[in-house]
Amino acid sequence: MWSFISIWAAASGEWGWAIALAAIALISYLATPSEEPPRYGLDHEFSVDSREFLSSVVASTGVPFLDGNRVQLLNNGDEFYPAMLQAINTAQSSITIEAFIYWHGQIGERFARALSERARAGVTVKILLDAVGSSTIGKEILRILKEGGCQVEWYNPIFWFTVGRFNNRTHRKSLIIDGRLAFTGGAGIADHWLGNAQDSRHWRDMQISIDGPAAMPLQTGFSRNWLETTGELISGEAFHPELDKVGEISLQTILSSPETGSSTVRIMYYLSIACARKSLYIANPYFIPDAVATDILIEAKQRGVDVKIMVAGIHNDMRSARYSSIELYGRFLEAGIEIYEYNRTMLHQKTMVVDGIWSTVGTTNFDNRSFALNEESNVCMYDRDLATQLQQIFLADLAACDRVDLKTWRKRGLLTKALGRLALLLKEQI
């Protein structure tokens, strides 16, 4: 599109516009991922409560289930930040953090001082921050971390010679203690995650803690990106200890990266949707499905699945994502899929529960950026108790939502329509 407009501008003698639009066209081309969603093989006859589903999700992602874990679901900052800080305080050998967002503020300084204290006590602390997402961390936090002896590195800084991969960000939020205890989920380290989602200044989000063998893949993801960034290979017992079974839960911890050429998290999501038979509850702030995802969600509803989708509403912090979502509501509403906008504050968790037995919590948004451009991680659970917990959390959150009505959607204003269609033109990059 940008190329055609650039040619038109040149033909009209508008050389300044032609050059600028040609540059946009080049950047858009370089930023557009080559990874494509699966188009065939999504019409499965088996359900998520079958052995065929489990073997398929393992084979198609290349990620096995690891037994012997303890798991805790942590709602909002009042639950997950104290648990994370307590874990940092108990670290004996290593602490690793991979974060898209680490911002200046009260909670950022608390984490910095806790990490520095452990580094001074002899614990190796390595922190990998996304060069874009964490650019507002501030000098004070960096000073505290570096003076304490923590190693801080930046993932994929933007230079002119990295233009071909500047859109590749690490969107992971991982904290791993001694290679044994891990936290991941939707939340970074910033003040708007404090509290209990009580108002618009305090976001709604969720983290999961993993104690046991399933913490290892998150450490693997950190180690690979640390190696890519610094050239340092992380090895040894301090980071990769032999992990004993400490609980009863079996987990699949999926890492997704554009470097692999296909999105393992996307495959997991689409296969789960295709195999849903009773209920499908998705909570995700940025819901911009591609054509394949749209079709399989509608097909799920047509075969009798109760499909409910919860998205960020009026407090969505990305207006382009909000307008894109609104523009795409139509086909879902016409099919009878229920869409809910969370309007108490910014909804930011990324969860899915299928048929009350299969569930996932992670960092991945339901959009092209997360599926094809970012480094992401999701923890998957084939466990009825955990699925029931997540389902109850989802249903409780409906109290803070407004259900989207088809008639109201059709009457949305001209400006909303125009902004939605414009935003969709950029959905491959945003």
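Derivation of every value follows stated rules applied to the coordinates shown; laboratory data play no part. As the structure is a computational prediction, the values presented were derived from the model and not from experiment. Glycine gets a Cβ as well: all are built from the backbone with ideal geometry, and neighbour counts include every protein chain shown.
Of note:
- Proportion of all alpha-carbon pairs of the range 69-247 beyond 19 Å (%): 56
- Burial ordering of Asp405, Asp355, Asp290, Asp244, fewest other beta-carbon atoms within 10 Å first: Asp244, Asp405, Asp290, Asp355
- Label-point gap, in nm, between His240 and Thr220 - each point 7 angstrom along Cα→Cβ: 1.0
- Normalised alpha carbon radius of gyration of the range 110-188 [divisor 2.2 N^0.38 Å]: 1.20
- Put in order of Cβ neighbour count within 10 Å, fewest first, the listed residues Ser6, Ser174, Ser50, Ser256 become Ser50, Ser6, Ser174, Ser256.
- Averaging 1/r across all pairs of distinct Cα atoms in the range 356-415 and inverting the result yields a Kirkwood radius of 14.5 Å.
- Interchain or long-range residues, amide H under 5 Å from Gly179's placed H: none
- Amide H contacts under 5 Å for Met206: Asn76, Gly186, Ala187, Gln349, Lys350, restricted to partners 5 or more places along the chain or on a different chain, H placed in the peptide plane at 1.01 Å from N.
- Estimated vicinal HN-Hα couplings, Hz - the range 337-348 in sequence order (Karplus 6.51, -1.76, 1.60; Gly, Pro = x): 6, 8, 10, 10, 9, 7, 10, 6, 7, 6, 7, 9
- Helix-only [θ]222 nm of the chain, DSSP H runs n ≥ 4, -39500 (n - 2.57) each, per residue, nearest 500: -12000 deg cm²/dmol
- Taken along the Cα-to-beta-carbon direction at a fixed 7 Å, the label points for Asp385 and Ala335 span 3.5 nm.
- Amide H within-cut-off set for Thr364, under 5 Å, with H built and near neighbours excluded: Ser377
- Stretching the chain fully between Leu395 and Asp199 yields a gain of 68.7 nm (0.36 nm per residue, less the alpha carbon separation).
- Here the Kirkwood formula, the inverse mean of 1/r across different C-alpha pairs, assigns the chain a hydrodynamic radius of 22.4 Å.
- Scalar couplings 3J(HN,Hα) for the range 178-189, obtained by applying the Karplus form with A = 6.51, B = -1.76, C = 1.60 to θ = phi - 60°, are 6, x, 10, 10, 10, 10, 8, x, x, 8, x, 10 Hz; x denotes Gly and Pro.
- For the cross-link pairs Lys245/Lys301; Lys173/Lys407; Lys173/Lys245; Lys350/Lys417; Lys301/Lys407, the ones whose C-alpha atoms lie over 29 Å apart are Lys245/Lys301; Lys173/Lys407.
- Note on the chain: antiparallel DSSP beta bridges, both residues inside, total approximately 65 percent of the bridges counted.
- Seen through its C-alpha gyration tensor, with square-root eigenvalues sorted a ≥ b ≥ c, the range 217-266 comes out oblate because a/c lies at 1.5 or above while a/b is not bigger than b/c.
- Of all DSSP beta bridges in the range 69-247, antiparallel share, percent nearest 5: 60
- In a DSSP loop and with at most 10 other Cβ atoms within 10 Å, the GluC sites (Glu not before Pro) in the range 200-262 are Glu242.
- Fewest neighbouring Cβ atoms within 10 Å first, the residues Val379, Val246 line up as Val246, Val379.
- FRET efficiency estimate (nearest 0.05) - Cβ-Cβ, Arg303 to Ile19, R0 45 angstrom: 0.30
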